[in-house]
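Below: one structure, written as structure tokens.
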Amino acid sequence: MVMGICTDDELIKSILQGNGERYDDIVERYQAGLYRTAFYYTQSVEDARDLTQEIFIKAYNSLASFKQNSTFSTWLYRIAVNQCIDWCRKKKPLLEERPCSDNLCAEEGSPEDLFLQQEITS
């Protein structure tokens, strides 16, 4: 494989073959988008940074379970939205004292709806 721009599938294959350092390429490729998603839910720079890191760790630890039934980005953003919803559930008592600006942590709507809404507005 020629060094340079690789597809997600090529990167994943390389990572799963033991080239874990290639995960940095995945992080670089998706960091800004995942951060925006996390910030959308948290409305906090610090929480969004922490959540983004958690998303990448979870994705890395789950990479072997990626079955390629969808694109990698869809799979990764599914992890991101689920992590964000989990964050909201854990923070809900605190958020009830300080409501989210757009009620982003409300349990209404599916994760897919929330993700699509975020994609449309960004």
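The values are calculated or read from the model by the stated rules, or taken from the named source; none is laboratory data. All figures in this text were calculated on a predicted structure; none of them were measured in a lab. Please note: Cβ atoms are built from the backbone with ideal geometry, for glycine as well, and neighbour counts cover all protein chains shown.
Values as computed for the structure displayed
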{"read-out": "For residue 18: the one exception among (1) farther than 21 Å from residue 71 by Cβ; (2) in a helix (DSSP H, G or I)", "value": "(2)"}
{"read-out": "Selection from the range 41-54 of residues that are in contact (Cβ under 8 Å) with a residue 60 or more places away in the chain and either under 18 Å from residue 72 (Cβ atoms) or surrounded by fewer than 21 Cβ atoms within 10 Å (Cβ to Cβ) (or both)", "value": "43"}
{"read-out": "Options 32, 38: the member that is loosely packed, with under 14 Cβ neighbours inside 10 Å, over 18 Å from residue 16 (Cα atoms) and at pLDDT 95 or above", "value": "32"}
{"read-out": "Members of the range 31-46 that are in a helix (DSSP H, G or I), more than 16 Å from residue 82 (Cβ to Cβ) and either touching a helix residue (DSSP H, G or I) at 6+ places or on another chain (Cβ under 9 Å) or small (Gly, Ala, Ser) (or both)", "value": "31, 32, 35, 36, 39, 45"}
{"read-out": "Scope the range 55-67; condition farther than 13 Å from residue 81 by Cβ, touching a residue at least 24 places away in the same chain (Cβ under 8 Å) and assigned to a helix (DSSP H, G or I); matching residues", "value": "56, 60, 63, 64"}
